[in-house]
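Engineer: Got a structure for you, questions after.
The values are calculated or read from the model by the stated rules, or taken from the named source; none is laboratory data. Only a predicted model underlies this, so the values are computations on that prediction, with no experimental measurement involved. Positions of Cβ are backbone-derived with ideal geometry, glycine not excepted, and every protein chain shown enters the neighbour counts. Side chains are part of the model used for accessible areas, which takes the heavy atoms of the whole protein and leaves out ligands, DNA and RNA. Shrake-Rupley method; radii C 1.70, N 1.55, O 1.52, S 1.80 Å.
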Amino acid sequence: MIRLLALLLAAILAGLVYGEVHLPLSAIRQWDGAAELLIGVIRAPRVAVAVLAGAAFGLAGALLQSLLRNPLASPDVLGFTSGAGLGAMLVVALGGGAFSVTLGAASGGVLAALAITALSWKGGIVPLRMILVGIGAAFTLQAITQFMMTRLTEAEAVEAARWLSGSLAARHWGHAFQIGLCLALLLPLAALSLRALRLLELGDEVATGLGLHITRARAGIAALAVALVASAVAVAGPVPFVALLAGPLAARFGAPMLTGAAVVGAVVTVLADLAARGLIDGVQLPLGVMTGILGAPYLLWMLSREMERGRL
Amino acid sequence: MRLQAKGIDVAYDGRRVIEGLDLTIPDGKVTAIIGPNGCGKSTLLKTLARLIRPTKGQVLLDGQDIHAAHTRDVARKLGLLPQSPLAPEGITVADLIARGRAPWRSLLGRWSPADTAARDAALAATALEDLADRPIAALSGGQRQRAWIAMALAQDTPILLLDEPTTYLDLPHQVDLLRLLGRLNREQGRTVVSVLHDLGLAARFSDHVIVMSGGKVLAEGPPSEVITASTLATAFGLEAVVIPDPIANTPLVVPV
Amino acid sequence: MKVALVIAALVAGVVMSLSLGARPVPLADIRAAVTAFDPSDPNHLVIRDLRLPRLCAALIAGVGLALAGVLMQAVTRNPLAEPGILGVNAGAGFAVVLGVYALGLSGAASWLAFPGAALAAAAVFLLGGGARAGSGGGATPARLALAGIALNALLISLISALVLMRAEALDVYRFWIVGSLAEAQMRPLLPMAITVLVGVVLAFASAPGLDALALGDEAARGLGTRTGLVRATVLLAVTLLCGGAVVVAGPIAFLGLAVPHLARMIASRSVVSTLAVALPLGPAILLAADVFGRVVMPPAELRVGTTAAALGGIIFILIARRMRPGEVT
């Protein structure tokens, strides 16, 4: 855990110091006008949003993965993220402000989660069936989102396309404050859900035997995960793969399940954003493109490992 | 009698598995539920443990409908070990056992000395003290099953239900495990109910046997009265001679 | 009878595709545009320069993706296999984009679609557990689908990176991500038509072998089928079919999923008859989706890939729901 926190600190510093415009260390030390503008106004809020949204994605992923006892069951694979993306996009298309975008993302996420759960229900939930249904739902939801985009002007559509692949361009302190507020409300609930998760981990029958109301606990934890995803999507777009890889990566570091996943999610997002804006000179790629390039090979590796262990 | 089923019908996957079943679990005894595959014995145990809700009739725990009671209160009276439970990755023996304390802890309550005492007692009863800090995955099959039983023991319930606890164990470990259950019954006075596959072991290690067939109770009572050639023929379609076991004098099934 | 209906649907699709749109063209003008072309008539120009190429592209892509879907589902014995979901289309698209933007090729880049599709098809099959047939059941539906979305996500991210790096027009980006029949007149239609035709021939040639493979590898070998040869033929056919389709229409998803299922409802379950029904059904559905996208809210146009994905996602869910838990894993 200490290692992870040190890594987060290093990532934050790197996110502040490096960027398209090179800032000499002397300028930073003197804190001149350029440093003030580049770091204080442009980079700091962006890094703050990356940390907070990444943590929210990571936490949501870890919650769902342990809820369904399947490392593939993250909100992006299950289609929840696409639902939140569609909800936010609808509000953007209607010209809503920051608050209503969050609300739109939340309603989209909740509706998608309910629909996907209902569609995968067949006398119970089989995680793999739910994953397949989620994959199909994600395609449909993304297509409807594309459909919404055709209603925008060309300039808005370009902006929306970037946002939909997950982007942290031009984030300001308002965004950071918004996601910060959401996390302040949701983190205590995550702490409370930990004990129920520990029982659910043992399987439905054991958890019931130990006196847990599993349906209620499940619904509560799933709702919490969706709320976290929606808060993050509202400020960063539907960034893929962060939620998927944060939990298992944290486990490899031997960190506690939920806090570890949150920190890893933050580290991954800050670093991916740094790479997206700094890797190629003069090009700002959307964050989601970068997490896609990093995350998809990880998913493939995880698949082959799950197969080795005969769990898939 | 604390645990009873009254006229229950149970459906599983839309198929009626148990029909009009009445049953009383004798307190303070070791009970074995036996029967051929698909006779509904596991379904019965799950229904007794409130995992399945009967479509008709009710399961009574201390005279109250088990589904009307708060699930946490039930969990303080009745412990459950399902068939081949899965341990989360990396969990240690001590941690697994600690989770058995869940029904005794409040939402924000801290780990108490009583919790520690219950955990240590469970470790001692299952002879797992030396393995407390080992991950479950590193244990042998027999040790792993003991760890799960220890978790159910830490739950500190007067009634313990186990669904085929001996599956996947070799014979010596099966015997060890059933001896352990017997000790828990004798020394701590717990009521133990297990679904068992092996007729010989059921006859040898239980005080009370329930034979199920086609979703009904075919016979119940002490092994010597219940495990007879005619019951075996009716329940299993097995032609066998039953003779007294030369060591324990319990019924010994010899197929012909 | 049902087959006649499919062919009637295809004919209706062809006619609607030529006559409907932002500028409706009467039937008489369509015929005249072909038989007695008059360059001064705007209707004739629309038909010749825009709608006929678009129709050709739809026919090529519809046939290519539908037959590729039939072959992939048969060879993997997996009802969810499909060139879009499994990343084969994205592989073809990525190779072309790579050729254009990273290697500076122009027309020749189209041909890179074929190695791209072949590599992606082989990769997804191996990553999805196809090589592990001995231990633990080989390429199960869930494994293949997950390997497919991972590969797809990776390739789409790479396409996005390459295209967005150049700050190109949004339309280029959308063509390579979603698939579209707009601007079909700019695509190399004739060479791709020939390629897809070769793919169709190979597909029918492999059909008897695939029927034998449906009984399992060992039974197929017992029947004298050369399983390796059948698989190689299928891979080649899928490559040609998907590559050609992607070059003219972009990586359209789900057509290859839906058509084989519908075709099996209409035809008997043998691969030959499924292919025969899929042949007119694929372009019929693609044309219907395209016409729908053009008339649903003019003057804006919905890309055919978007319509296909929206409908296809639902079909994917229906198929996944129908599978028993044992079949999923």
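Engineer: Consider residue B:101 carefully, then state whether it is free of Cβ contacts under 8 Å to residues at least 40 places away in the same chain, at the interface with chain A (Cβ under 10 Å from one of its Cβ atoms), in contact with a Phe, Trp or Tyr (Cβ under 9 Å, 6 or more places away or on another chain) and open to solvent by 10 Å² or more (accessible area, probe 1.4 Å).
Structural biologist: Considered against the rule, which asks whether it is free of Cβ contacts under 8 Å to residues at least 40 places away in the same chain, at the interface with chain A (Cβ under 10 Å from one of its Cβ atoms), in contact with a Phe, Trp or Tyr (Cβ under 9 Å, 6 or more places away or on another chain) and open to solvent by 10 Å² or more (accessible area, probe 1.4 Å), residue B:101 comes out as no.
Engineer: Given the criteria surrounded by fewer than 13 Cβ atoms within 10 Å (Cβ to Cβ) and polar (S, T, N, Q), does residue B:112 qualify?
Structural biologist: So residue B:112 passes the test.
Engineer: Something else about it: Tell me whether segment B:51-60 contains one or more residues that are touching a residue at least 60 places away in the same chain (Cβ under 8 Å) and of a type in the set (D, E, K, R).
Structural biologist: The answer is no, given that none of the residues of segment B:51-60 is touching a residue at least 60 places away in the same chain (Cβ under 8 Å) and of a type in the set (D, E, K, R).
Engineer: How many residues, within segment A:139-171, are more than 7 Å from chain C (Cβ to nearest Cβ) and of a type in the set (A, V, I, L, M, F, W, C)?
Structural biologist: Of the residues in that region, 11 qualify.
Engineer: In segment C:43-58, what residues are open to solvent by 30 Å² or more (accessible area, probe 1.4 Å), farther than 14 Å from residue C:193 by Cα and of a type in the set (A, V, I, L, M, F, W, C)?
Structural biologist: C:45, C:50
Engineer: Might you check whether a residue that is without any contact (Cβ under 8 Å) to a residue 24 or more places away in the chain, open to solvent by 50 Å² or more (accessible area, probe 1.4 Å), small (Gly, Ala, Ser) and in a loop (DSSP other than H, G, I, E, B) occurs anywhere in segment B:73-94?
Structural biologist: The answer is no, given that none of the residues of segment B:73-94 is without any contact (Cβ under 8 Å) to a residue 24 or more places away in the chain, open to solvent by 50 Å² or more (accessible area, probe 1.4 Å), small (Gly, Ala, Ser) and in a loop (DSSP other than H, G, I, E, B).
Engineer: Taking segment B:144-188 as the search range and keeping residues that are within 14 Å of another protein chain (Cβ to nearest Cβ) and among the small types (Gly, Ala, Ser), which one is nearest to the chain's Cα centre (by Cα)?
Structural biologist: Out of the qualifying residues, it is B:152.
Engineer: State all residues of segment B:60-90 that are among the aliphatic types (A, V, I, L, M) and more than 12 Å from chain A (Cβ to nearest Cβ); if no residue qualifies, say none.
Structural biologist: Result: B:60, B:61, B:68.
Engineer: Something else about it: Looking at A:86, A:90, A:72, A:119, can you tell me which residue is among the aliphatic types (A, V, I, L, M), within 27 Å of residue A:201 (Cα to Cα) and in a helix (DSSP H, G or I)?
Structural biologist: A:119
Engineer: Please verify whether segment C:272-291 includes one or more residues that are in a loop (DSSP other than H, G, I, E, B), under 28 Å from residue A:152 (Cβ atoms) and open to solvent by 20 Å² or more (accessible area, probe 1.4 Å).
Structural biologist: no
Engineer: Another one. Let me spell it out: the conditions are (1) at negative phi; (2) in contact with a helix residue (DSSP H, G or I) (Cβ under 9 Å, 6 or more places away or on another chain), and residue B:69 meets all of them except one. Which number is the exception?
Structural biologist: Against the list (1) at negative phi; (2) in contact with a helix residue (DSSP H, G or I) (Cβ under 9 Å, 6 or more places away or on another chain), residue B:69 comes up short only on (2).
Engineer: Is one or more of the residues making up segment A:245-255 assigned to a loop (DSSP other than H, G, I, E, B), facing another protein chain (nearest Cβ under 10 Å) and either more than 19 Å from residue A:167 (Cα to Cα) or of a type in the set (D, E, K, R) (or both)?
Structural biologist: yes
Engineer: For the list (1) open to solvent by less than 40 Å² (accessible area, probe 1.4 Å); (2) under 23 Å from the mean Cα position of the chain (by Cα); (3) touching a residue at least 60 places away in the same chain (Cβ under 8 Å), I need the number of the one condition that residue C:3 fails.
Structural biologist: (1) is the only condition that residue C:3 fails.
Engineer: Now for a different question. Grab the helices (runs of 4 or more DSSP H) fully contained in segment B:182-256, keeping just those with 2 or more residues being aliphatic (A, V, I, L, M) and crowded, with 16+ Cβ neighbours inside 10 Å.
Structural biologist: B:199-205, B:229-236
Engineer: Related question: Could you please find all residues in segment C:228-242 being within 13 Å of residue C:207 (Cβ to Cβ) and either in contact with a strand residue (DSSP E or B) (Cβ under 7 Å, 6 or more places away or on another chain) or open to solvent by 10 Å² or more (accessible area, probe 1.4 Å) (or both)?
Structural biologist: Across segment C:228-242, the qualifying residues are C:230, C:233.
Engineer: Determine if segment B:7-27 includes at least one residue that is outside the structural domain of residue B:137 (by TED's automatic domain parsing), under 14 Å from the mean Cα position of the chain (by Cα) and not in a strand (DSSP E or B).
Structural biologist: yes
Engineer: From the list A:88, A:98, exactly one residue is away from chain C (no Cβ under 12 Å), over 16 Å from residue A:61 (Cα atoms) and surrounded by fewer than 24 Cβ atoms within 10 Å (Cβ to Cβ). Which is it?
Structural biologist: When all the criteria are applied, what remains is A:98.
Engineer: Here is a further query. Would a scan of segment C:298-317 turn up a residue that is in a loop (DSSP other than H, G, I, E, B), within 26 Å of residue C:24 (Cα to Cα) and without any contact (Cβ under 8 Å) to a residue 40 or more places away in the chain?
Structural biologist: Yes, because at least one residue in segment C:298-317 is in a loop (DSSP other than H, G, I, E, B), within 26 Å of residue C:24 (Cα to Cα) and without any contact (Cβ under 8 Å) to a residue 40 or more places away in the chain.
Engineer: I'd like the full set of residues that are open to solvent by less than 60 Å² (accessible area, probe 1.4 Å), over 23 Å from residue A:231 (Cβ atoms) and without any contact (Cβ under 8 Å) to a residue 60 or more places away in the chain, limited to segment A:33-73.
Structural biologist: A:33, A:34, A:35, A:38, A:39, A:40
Engineer: Next question, about the same structure. Please work out which one of (1) more than 22 Å from the chain's Cα centre (by Cα); (2) within 14 Å of chain B (Cβ to nearest Cβ); (3) on the phi < 0 side of the Ramachandran plot is the condition residue A:211 fails and give its number.
Structural biologist: All conditions pass for residue A:211, except number (3).
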